[in-house]
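A.B. asks: Got a structure here, written out as structure tokens. Questions coming.
The values are calculated or read from the model by the stated rules, or taken from the named source; none is laboratory data. No experiment lies behind these values; they were computed from the predicted model shown. Glycine also receives a Cβ, built like all others from the backbone with ideal geometry; neighbour counts cover every protein chain displayed. Note: accessible area is taken over every heavy atom of the protein model, side chains too, but ligands, DNA and RNA are not part of it. Shrake-Rupley method; radii C 1.70, N 1.55, O 1.52, S 1.80 Å.
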Amino acid sequence: MDAERVPPGIDPTKAHPSRRYNYWLGGKDNFAVDRESAEMVASAFPTVSLSARENRAFMRRVVRHLAGEAGIGQFLDIGTGLPSAGNVHEIAQAIDPSARIVYVDNDPIVLVHARALLTSEPEGRTAYIDADLRDPEKILADPELRATLDLSRPVALMLVATMHFITDDHDPYGIVRRLLGALPSGSFLVMTHATGDYLTPEEYAVNVEANERSGVPFRLRSHEEFARFFDGLDLLPPGVGSVVEWRPEEPAADRPAVEDVSMLCAVARVP
């Protein structure tokens, strides 16, 4: 994407998580600043593209489980990123055509693509909200959300590779509690999160420094810090662990090492 084709409202001199993630997944909807930021992170964590792909694969497995075995027909996907193969609504509506999905992101490029590409099956519905996860009240008050989702029925809250962009000064645990507080019993929380647990102290320091230089706020969290997001919820087996090991579809010999992915995940039901 070049400067002549920058949509209104976009600062092409500032990296954005959605466009950087798009670059790691092999997409073309990113700017030079996003690629530079992505490569800076990759200099400290060379398998970051693998991590992005495994994170996406986990999301697909979870949505299939929730839409199928768990019977969930509503999804609130915050930090959806740029559309790519296997979006939440495509996976869910392949199982339940009447499924309803609300996508949330704060990148104008995502908005342009989402409106064009995230089209629902006739029996279901999709909507897109332009909002920031750091303002959960705005998300919950948006008329599109209320028109699309019935909050008296269970909803799967998807926070996939999103919360590590919420630094401690923005009260990440409070944000998750507020969002879950609007959802009824039987809803689900789905989350993945980058971790430094598999890094040596030296590697951890290098990663933190690279993330600081990348221009995108980022917070690695430990297993214990991540597990706190699920306090009071009923974890689905296998509990908190690597995205690689959550109900995998491939034999262990064909899966990447958890150290190379370095991404925690969990799925839990709201009692």
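A.B. asks: Ignoring everything except DSSP H segments at least 4 long, calculate the 222 nm mean residue ellipticity for the chain; use -39,500 (n - 2.57) per segment, divide by total residues, nearest 500.
C.D. replies: Calculated at 222 nm, the ellipticity per residue is -11000 deg cm²/dmol.
A.B. asks: Counting only C-alpha contacts under 8 Å and six or more residues apart, can you give the relative contact order of the chain as a whole percent?
C.D. replies: Reported as a whole number, the value is 19 percent.
A.B. asks: Between residue 224 and residue 47, what is the label-point separation in nm under the 7 Å Cα-to-beta-carbon projection?
C.D. replies: Taking the simple label geometry, residue 47 and residue 224 are separated by 2.5 nm.
A.B. asks: Restricting attention to the alpha-carbon atoms of the stretch 177-233, what are Rg (one decimal) and Dmax (integer), both in Å?
C.D. replies: Just the Cα atoms of the stretch 177-233 yield Rg and Dmax of 14.9, 44 Å.
A.B. asks: Ok, one more. Along the positive direction of the dipole of the stretch 6-161 (beta-carbon charges: Lys, Arg +1; Asp, Glu -1; about the Cα centre), which of 147, 55, 87 reaches farthest?
C.D. replies: Farthest towards the positive pole: 55.
A.B. asks: Now a separate question. Spin-label point model (7 Å from Cα, Cβ direction): what's the residue 70 to residue 153 distance in nm?
C.D. replies: Label-label distance for residue 70 and residue 153, simple model: 1.6 nm.
A.B. asks: Quick one: which of 21-27, 155-161, 181-187 comes out on top by average Cβ neighbours within 10 Å, and what's the full order, highest first?
C.D. replies: With the highest mean Cβ count within 10 Å placed first, the list reads 155-161, 21-27, 181-187.
A.B. asks: Based on Cα coordinates alone, diagonalise the gyration tensor for the chain, multiply each eigenvalue by 5, take square roots, and list the semi-axes in whole Å, largest first.
C.D. replies: Equivalent ellipsoid semi-axes, largest first: 26, 23, 18 Å.
A.B. asks: Additional query: Which FRET efficiency value, to the nearest 0.05, do you get for residue 138 and residue 112 by plugging their Cβ-Cβ distance into 1/(1 + (r/R0)^6) with R0 = 25 Å?
C.D. replies: The value I calculate is 0.80.
A.B. asks: A follow-up question, please. From the protein chains alone at 1.4 Å, what is the descending order of accessible area for 151, 235, 189, largest first?
C.D. replies: 235, 151, 189
A.B. asks: Heavy atoms only, 1.4 Å probe, whole protein assembly: order 28, 14, 138 by accessible area, highest first.
C.D. replies: The residues order as 28, 14, 138, largest area first.
A.B. asks: Another question, then. Please check: in the Gaussian network model of the chain (C-alpha springs, under 10 Å), which one of 242, 51, 120 has the largest mean-square fluctuation.
C.D. replies: The residue with the greatest mean-square fluctuation here is 120.
A.B. asks: Apply the Karplus parameterisation 6.51 cos²θ - 1.76 cosθ + 1.60, with θ equal to phi minus 60°, to every residue of the stretch 65-77 and state each ³J(HN,Hα) to the nearest whole Hz, in sequence, with x for glycine and proline.
C.D. replies: So the Karplus estimates, Gly and Pro as x, are 5, 5, 6, x, 4, 7, x, 7, x, 9, 9, 10, 9 Hz.
A.B. asks: Go through 40, 191 and list them by solvent-accessible area, largest first, probe radius 1.4 Å.
C.D. replies: Per-residue accessible area, sorted high to low, gives 40, 191.
A.B. asks: Suppose each label sits 7 Å from its Cα in the direction of the beta carbon; what would the residue 250-residue 146 distance come out to in nanometres?
C.D. replies: Between residue 250 and residue 146, the simple spin-label model gives 4.5 nm.
A.B. asks: Roughly speaking, to the nearest percent, how much of the stretch 105-173's 1.4 Å accessible area is carbon and sulfur?
C.D. replies: 49
A.B. asks: Would you mind getting the accessible area per residue of the stretch 176-236, heavy atoms of the protein chains only, 1.4 Å probe, in Å²?
C.D. replies: Value returned for the stretch 176-236: 47 Å² of accessible area per residue.
A.B. asks: What is the stretch 115-271's relative contact order, in percent, from Cα pairs under 8 angstrom and six or more apart in sequence?
C.D. replies: Answer for the stretch 115-271 is 24 percent.
A.B. asks: So if each residue of separation counts as 0.36 nm, and I subtract the Cα-Cα distance between residue 234 and residue 209, what length gain in nm does that give?
C.D. replies: Extending this stretch completely gives an extra 5.4 nm.
A.B. asks: Classify the stretch 130-271 as rounded, prolate or oblate from the Cα gyration tensor: take a ≥ b ≥ c as the square roots of its eigenvalues, call it rounded if a/c is under 1.5, otherwise prolate when a/b beats b/c and oblate if not.
C.D. replies: Oblate shape, in that a/c is at least 1.5 and b/c is the bigger or equal ratio.
A.B. asks: Sort the stretch 116-202 into rounded, prolate or oblate with this rule: let a ≥ b ≥ c be the square roots of the eigenvalues of the Cα gyration tensor; rounded if a/c is under 1.5, and if a/c is not under 1.5, prolate when a/b is larger than b/c, oblate otherwise.
C.D. replies: prolate
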